[in-house]
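Here the structure comes first, spelled out in structure tokens, and everything after it is commentary.
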Amino acid sequence: MTQATQTKPAITAFFDEATFTVTYIVADPDTNQCAVIDTVLDYDANTGTTRTDSADKVITSIKARGLTLVWLLETHVHADHLSAAPYIQQQLGGKIAIGEKITQVQDNFGTLFNAEDSFPRDGSQFNHLITPNEELKIGNLSMTALHTPGHTPACMSFVVGGACFVGDTLFMPDYGTARCDFPGGDATALYESMEQILSLPDETRLFMCHDYAPGGREYLWESTVAESKASNIHLAGKTKEEFIDMRTARDAQLSTPRLLLPSVQVNMRAGHMPPVEDNGTAYIKIPINQIVA
């Protein structure tokens, strides 16, 4: 079934203002099966405490609509929020999945955090590793997974029924594009990934993982391929070389995300906390003088 004729998914968005993150339920209206993309576990960095308020809103919506959860998809290992995928899976089932290049991210950050000897770097914490152009089934819907690296090596975008969920690769046109200065990031790869997304039909709806409301406008997280090609402030009118120069210079000025250290330690483990120590408590590590602000 082609993108043009495929049943349109029912898309529900949940915006978490604390981390500026959008979580999506993508449902097949014919079978009531669904996927959830990029979940959020609430985390207080001052106290190290977690809550499930954001995830519970997603769970409540799925139950109220009589949906069956089949996939918990991560567009990448997020550096700005913790994943709630294991918590939602415990409540509703479904498989936790991420791009197969997660192994590169685990190598990079497993080394940075001096992860425990038992920490596997083969992606086995996830139920499924997604390969480029793999077709994921959500009832009668067929979702195509595009490998869109650049922000991280494992970034995936998901195309289904005239919609594309782009993760951090693109933002709303007035905010631009993803940073590329994390380990494994690459501005050239990001440009090529955006070209892949923007080669989709002009009317394709693009759903962002984040929005920061530049200029004080309302929060927005949906654009189109046509809008992004015409007016994305980092892309429109620029050559590939101009974009790479701009992105590299901009990244050199950006500060480290506030929740980078807890987020990556948890998300590289598919949303699971580091193992508890002999006193029964799990700990987030803070590497000293290893992260350049």
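The values are calculated or read from the model by the stated rules, or taken from the named source; none is laboratory data. For clarity, every value in this text was computed on a predicted model and none was experimentally measured. All Cβ positions, glycine included, derive from the backbone under ideal geometry; neighbour counts span all protein chains shown.
What's the total number of residues in the range 43-75 that are touching a residue at least 40 places away in the same chain (Cβ under 8 Å) and either among the aromatic types (Phe, Trp, Tyr) or on the phi < 0 side of the Ramachandran plot (or both)?
Summing the residues that are touching a residue at least 40 places away in the same chain (Cβ under 8 Å) and either among the aromatic types (Phe, Trp, Tyr) or on the phi < 0 side of the Ramachandran plot (or both) in the range 43-75 gives 12.
Determine the pairs where a residue that is closer than 12 Å to residue 192 by Cα, located within the range 139-154, has a partner that is of a type in the set (Lys, Arg) and assigned to a loop (DSSP other than H, G, I, E, B) with Cβ atoms under 9 Å apart, the partner being 6 or more residues away or on another chain.
147/101; 149/101; 151/179
On the given criteria, is residue 247 assigned to a loop (DSSP other than H, G, I, E, B), charged (D, E, K, R) and in contact (Cβ under 8 Å) with a residue 60 or more places away in the chain?
The answer is no for residue 247.
Assess whether residue 13 counts as being under 21 Å from the mean Cα position of the chain (by Cα), outside any loop (DSSP other than H, G, I, E, B), in contact (Cβ under 8 Å) with a residue 24 or more places away in the chain and crowded, with 20+ Cβ neighbours inside 10 Å.
No, not satisfied.
I'd like the full set of residues that are closer than 19 Å to residue 181 by Cα and either aliphatic (A, V, I, L, M) or outside any helix (DSSP H, G or I) (or both), limited to the range 234-244.
234, 235, 244
List the pairs whose first member sits in the range 79-97 and is under 12 Å from residue 43 (Cβ atoms), whose second member is part of a strand (DSSP E or B) and at pLDDT 95 or above, and whose Cβ atoms are under 6 Å apart, counting only residues at least 6 apart or on separate chains?
These pairs meet every condition: 81/21; 82/41; 82/43; 84/41.
Would you mind stating whether residue 228 is under 15 Å from residue 177 (Cβ atoms), modelled with pLDDT of 95 or more and of a type in the set (S, T, N, Q)?
When the stated conditions are applied, residue 228 passes them.
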